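*Asks:* I am attaching a structure below and will ask some questions about it afterwards.
The values are calculated or read from the model by the stated rules, or taken from the named source; none is laboratory data. Keep in mind that this is a model prediction, so the values were computed, not measured. Virtual Cβ from ideal backbone geometry, glycine too; neighbours counted across all protein chains shown.
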Amino acid sequence: MTDFLLELRCEEIPARMQLKASEDLARLFTEELAKAGLKPESIDSFVTPRRLALVARNLPLETAAVSEEFKGPRTSAPVQALEGFLRKTGLTQDQLEDRDGVWFAVVNKPGRATAQVLAEAVPTVIRAFPWPKSMRWGAASQTTESLRWVRPLQGIVAILGEELVDIEIERIRSGYATLGHRFHHPGEITIGGAHDYAEKLRACHVIVSHQERQSIIEARAAEAAAAHGYTVIEDKGLVAENAGLTEWPVPLLGDFDPAFLEVPPEVIQLTLRINQKYFVLRDASGKLAPAFICTANIEAKDGGAAIIAGNRKVLAARLSDARFFWEQDRKTKLEDHAKKLERITFHEKLGTVADKVERVAKLARWLVEEGIVKGADADQAEQAARFAKADLVTEMVGEFPELQGIMGGYYARAEGLPGVVADAIRDHYKPVGQGDEVLTAPVTVSVSLADKLDTIMSFFSINEQPTGSRDPFALRRAALGSLRLIQELGLRISFVKLVLGTVQESVGQRVRAATVPAMEADLRTLFKHVPLGDIDPQAIASRFAEAPELQAEMEKSVRGMFEIIPFLIDRLKVQQKEAGVRHDLIDAVFALGGEDDLVRLLARVTALQSFIATDDGANLLAGYKRAANILKKEGVETAEKVELTYAPEQAEADLIAALDAAEPRAAAAVTAEDFEGAMAALATLRAPIDAFFESVTVNDADPAKRSARLALLARVRDAVHAVADFSKITG
């Protein structure tokens, strides 16, 4: 058993590609060896800016002989089938075995030298390598058959034990030589094998382990910061990026003019991190420190003084630009910035960003005036919405798009707008992702929810819904953000009213107020599971458009309005699945019809999930399904009141008594939104239902008994449906 070393050396690999490339090399190499029956005990992967490498541990010197068996056609099959099987196996007919009228082939493959397997596998891996971006170079690049690599490939080291594995690809032949650090040791190094690879390179100022370079950067950056009373703001991504830019990382601390700290801290952080790849520091009070840490790739003779001076000079220029943008932008009021939004197209079919702002402002006010978002001032909500996008035309956001919203908040404060308005402008994009915080300030909530709902409704109205993995306008993210706001803040509103209000505010005068109730009635049909194809948007639009020329546009809005509710429900299921809630339970609550208050719906679902997990719940579900199947078979749609003309059996009387007690209890609990109490009331039906099915014949020969007992089962079904439609529950 011996180790195999492979190094692929090239010009600088982009830092963002290195770790994935290291994983891909190990994966592809393992897959190629497996085809020949080889499996290393383990693989150690290495990557630096100029090399990809791996060490495969404990490989045998030869592959084992293998015997493979293939099943062929029947002996009575046409001759063409037999000939095809022989070509596949490489055997002749006399080498096949006849087993009960079926041909079988046993192919014996002798062992091969591992070096030979490696010599074939490595070029295959190199040619199949999945770089996100790659290139051809030199004279060979004139043909599309030439090798593609991330940067020009310059050298290959391939050593099995201490023996060279002879590999050639694109006139690059494997050898024992590699290169050390570009400046500290630019000459060749002779590698003896896997056993001395890492240490020989370390002696030449190359640390081949990406993880070790990260650890060095973190530790030494923290030490340098602590020596000046600072702490490093944690940034794992930046640590990994710096490790990908260096082979011999040397963190150095520099400083900048404290006067630049008058610029918002987010601007300084982005300037340091994005433009310069510097680490940002805090002082003892937690404020941004006028200092930075850069990572050099050399051990400088002057201790890094010249490097720090050069970086300080570059950073000063960057921060001067940022300060200029900050000062220039504040010379113009947000109201005037907002006017420039008329020049920016939001979407060719949806008008300008100014048009979107107008819709969002109206919707934010509506959310407050309707009492959906409580505690907010409607004027402030509208003001915040009108200025929320104004910073998109500022110099600062033009330079740093990541600061949209944030800069608007700073500019709002600088010109003396109320703090709640500035906060809403700053935070109206939140929550952006699943892990982002949900803010509770009422004005912020109204603007954030209005912005997201308008985006969803607008694109649905022009038939730009997400399809499959395609979601170019991030509508799924907007939907999840809206649902989180409604759910986590307990906003009490029906989906129907929310969508209707969004359409009404965005369409404006094109919807007559008198027709809104009719539109709402049409919307509510969705909650009775009427297929979209059964709803005629054209007929609906004709009732809402003030003028015939607006009907076509109104029809699109109506169709989008009807399609948006299933979309929101689907997003809700995705969100709740991640929280451990079953889809079928959400369906069971929605199937009741009319339950479209998200907060109340999820309370029902939570109570239902807990109930179904109990013995009472599982047994009641089984009893319900038995009753529902009988009723379906007999065609009983509704529960009719039947006067008993006979003396009921004991189990029958017990079930009637249990229903008489449970029905009003469950209904009262549902009205009070005490869904656990409603489930508890239903639980009392479990034993009487079980006893009823054990001792009572439903389809009695006596028509009066049969009708009464079917009506009793219909009461059971309807009592359960007061809480959820159990027919939608699987299992």
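*Asks:* Answer yes if at least one residue in segment 433-444 is free of Cβ contacts under 8 Å to residues at least 60 places away in the same chain, crowded, with 24+ Cβ neighbours inside 10 Å and part of a helix (DSSP H, G or I), and no otherwise.
*Replies:* no
*Asks:* Considering THR178, THR114, which residue is in contact with a Gly (Cβ under 9 Å, 6 or more places away or on another chain) and among the β-branched types (Val, Ile, Thr)?
*Replies:* It is THR178.
*Asks:* Check whether at least one residue in segment 709-721 is touching a Gly at 6+ places or on another chain (Cβ under 6 Å) and either modelled with pLDDT of 90 or more or at negative phi (or both), and report yes or no.
*Replies:* So far as segment 709-721 goes, no, none of its residues is touching a Gly at 6+ places or on another chain (Cβ under 6 Å) and either modelled with pLDDT of 90 or more or at negative phi (or both).
*Asks:* In segment 3-47, which residues are in contact with a strand residue (DSSP E or B) (Cβ under 6 Å, 6 or more places away or on another chain) and of a type in the set (Ser, Thr, Tyr)?
*Replies:* SER22, SER42, SER45
*Asks:* To continue, here is another question. From the list ILE689, ILE729, which one is surrounded by 14 or more Cβ atoms within 10 Å (Cβ to Cβ) and within 44 Å of the chain's Cα centre (by Cα)? Steps first, answer last, please.
*Replies:* Working: ILE689 fails: within 44 Å of the chain's Cα centre (by Cα).
Testing whether each residue is surrounded by 14 or more Cβ atoms within 10 Å (Cβ to Cβ) and within 44 Å of the chain's Cα centre (by Cα) leaves just ILE729.
*Asks:* Tell me yes or no: at least one residue of segment 102-111 is among the basic types (Lys, Arg), in a strand (DSSP E or B) and modelled with pLDDT under 95.
*Replies:* yes
*Asks:* Sticking with this one: Can you spot a residue in segment 632-652 that is at pLDDT 90 or above, under 30 Å from ALA603 (Cβ atoms), in a helix (DSSP H, G or I) and in contact with a helix residue (DSSP H, G or I) (Cβ under 6 Å, 6 or more places away or on another chain)?
*Replies:* No, segment 632-652 has no match at all.
*Asks:* Taking only segment 341-369 into account, find how many residues are within 30 Å of the chain's Cα centre (by Cα) and surrounded by fewer than 17 Cβ atoms within 10 Å (Cβ to Cβ).
*Replies:* Residues meeting the conditions: 7.
*Asks:* Separate question: Starting from segment 25-44, take each residue that is within 17 Å of ALA113 (Cα to Cα) and list its partners that are of a type outside the set (A, V, I, L, M) and surrounded by fewer than 18 Cβ atoms within 10 Å (Cβ to Cβ), counting only C-beta distances under 7 angstrom and pairs at least six apart or across chains.
*Replies:* Matching pairs, first to second residue: GLU32/THR124; LEU33/LYS39; ALA36/ARG112; PRO40/ARG57; PRO40/ASN58.
*Asks:* If a residue has to be surrounded by fewer than 21 Cβ atoms within 10 Å (Cβ to Cβ) and basic (Lys, Arg) to count, how many in segment 209-258 make the cut?
*Replies:* So the answer is 2.
*Asks:* Kindly state which strands (runs of 3 or more DSSP E) lie completely within segment 243-340 and contain at least 1 residues that are touching a residue at least 24 places away in the same chain (Cβ under 8 Å) and over 37 Å from the mean Cα position of the chain (by Cα).
*Replies:* Passing ranges, in order: 250-255.
*Asks:* Report yes if ALA140 is surrounded by fewer than 13 Cβ atoms within 10 Å (Cβ to Cβ), out of contact with any His (no Cβ under 7 Å at 6 or more places or on another chain), more than 29 Å from GLY37 (Cβ to Cβ) and not charged (D, E, K, R), otherwise no.
*Replies:* Taking the combined requirement at face value, the residue satisfies it.
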